[in-house]
Amino acid sequence: MANEVKNSDSFERILDDLAQGFGTSERLAANTAGADVFVSIMKPKVPKRSGVDEKIHLRDALIKVPHANGSVDVGFSSKSDKGYIGRFQNDGWTVKDKTGKIHSHVPGKHFWEETQNEAKGKVGQAVAEVLKAEMNKKVRGG
């Protein structure tokens with residue numbers, strides 16, 4: 001039976017690395033992988049207008065915004081001025097004339113909610129795979 005741990009310095013370094021957890025760059029990499037999955041599921045669900053000449057389509061205005069804390073937001077770019085259109089398309093709207101008289105209600109397509117439901121496990125899996133790879137690097141010392 002062994003009375004000592006060989007390479008104890010290396011083992012202690014691995015434990016120290018693991019105890020530090022994940023840094024901002026590792027969280028950003030993991031969250032970006034999750035956001036990539038979310039965007040890939042959402043893009044085909046975004047309603048496509050036909051017969052309208054647009055400079056930029058709502059689907060093309062879908063962006064990922066990384067933050068200094070390692071989080072990543074998904075939304076529509078402010079430069080495209082398409083966020084409000086996405087909201088109308090997703091939630092629906094009530095049609096009113098210039099006098100304020102209500103004519104009808106256009107139901108929403110709820111593509112954002114559908115994407116959230118469909119992406120739940122897939123986004124988590126993508127994030128977990130990146131974090132697992134990062135943990136393996138810490139354990140191997142690379």
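The values are calculated or read from the model by the stated rules, or taken from the named source; none is laboratory data. All values reported here derive from a predicted model rather than from experimental measurement. Here Cβ is always computed from backbone atoms with ideal geometry, including for glycine, and neighbour counts include all displayed protein chains.
Determine whether Lys109 is closer than 24 Å to Arg49 by Cα and at pLDDT 90 or above.
When the stated conditions are applied, Lys109 passes them.
Identify the single condition in (1) more than 29 Å from Arg27 (Cα to Cα); (2) loosely packed, with under 12 Cβ neighbours inside 10 Å that Asn69 does not satisfy, given that it satisfies every other one.
If we test Asn69 against (1) more than 29 Å from Arg27 (Cα to Cα); (2) loosely packed, with under 12 Cβ neighbours inside 10 Å, just (1) comes out false.
So Arg59 fits all but one of (1) within 23 Å of Ile41 (Cα to Cα); (2) surrounded by fewer than 13 Cβ atoms within 10 Å (Cβ to Cβ); (3) without any contact (Cβ under 8 Å) to a residue 24 or more places away in the chain; what number is the exception?
Against the list (1) within 23 Å of Ile41 (Cα to Cα); (2) surrounded by fewer than 13 Cβ atoms within 10 Å (Cβ to Cβ); (3) without any contact (Cβ under 8 Å) to a residue 24 or more places away in the chain, Arg59 comes up short only on (2).
So how many residues does segment 65-86 have that are of a type in the set (A, V, I, L, M) and out of contact with any strand residue (DSSP E or B) (no Cβ under 9 Å at 6 or more places or on another chain)?
Of the residues in segment 65-86, 1 are of a type in the set (A, V, I, L, M) and out of contact with any strand residue (DSSP E or B) (no Cβ under 9 Å at 6 or more places or on another chain).
Take the conditions within 17 Å of the chain's Cα centre (by Cα), of a type in the set (S, T, N, Q) and exposed (fewer than 11 other Cβ atoms within 10 Å of the Cβ) and apply them to Asn136. Does it pass?
no
Is it true that Glu129 is among the charged types (D, E, K, R), closer than 18 Å to Ala29 by Cα and part of a helix (DSSP H, G or I)? So that I can check it myself, show each step before the final result.
Values: among the charged types (D, E, K, R): yes; closer than 18 Å to Ala29 by Cα: yes; part of a helix (DSSP H, G or I): yes.
Here the answer is yes, as Glu129 does meet what is asked.
Looking only at segment 87-116, how many residues end up being surrounded by 11 or more Cβ atoms within 10 Å (Cβ to Cβ) and either in contact with a strand residue (DSSP E or B) (Cβ under 7 Å, 6 or more places away or on another chain) or assigned to a helix (DSSP H, G or I) (or both)?
16
Could you list all residues from segment 95-109 that are of a type in the set (Gly, Ala, Ser) and either farther than 20 Å from Ile85 by Cα or touching a helix residue (DSSP H, G or I) at 6+ places or on another chain (Cβ under 6 Å) (or both)?
Result: Gly100, Gly108.
So which of Lys64, Lys137, Lys48, Lys120 is part of a loop (DSSP other than H, G, I, E, B) and charged (D, E, K, R)?
Checking each option against the conditions leaves just Lys48.
Consider Ser40 carefully, then state whether it is modelled with pLDDT of 90 or more, surrounded by fewer than 15 Cβ atoms within 10 Å (Cβ to Cβ), of a type in the set (Ser, Thr, Tyr) and assigned to a helix (DSSP H, G or I).
yes
Can you list residue pairs whose Cβ atoms sit under 6 Å apart, with the first residue in segment 115-142 being farther than 27 Å from Lys43 by Cβ and touching a residue at least 40 places away in the same chain (Cβ under 8 Å) and the second being assigned to a helix (DSSP H, G or I) and of a type in the set (Val, Ile, Thr)? Count only pairs 6 or more apart in sequence or on different chains.
Pairs that qualify, where the first residue is farther than 27 Å from Lys43 by Cβ and touching a residue at least 40 places away in the same chain (Cβ under 8 Å) and the partner is assigned to a helix (DSSP H, G or I) and of a type in the set (Val, Ile, Thr), are Val139/Ile14.
Under the condition of being in a loop (DSSP other than H, G, I, E, B) and within 26 Å of Ala29 (Cβ to Cβ), which residue from segment 72-86 is modelled with the highest pLDDT?
Ser77
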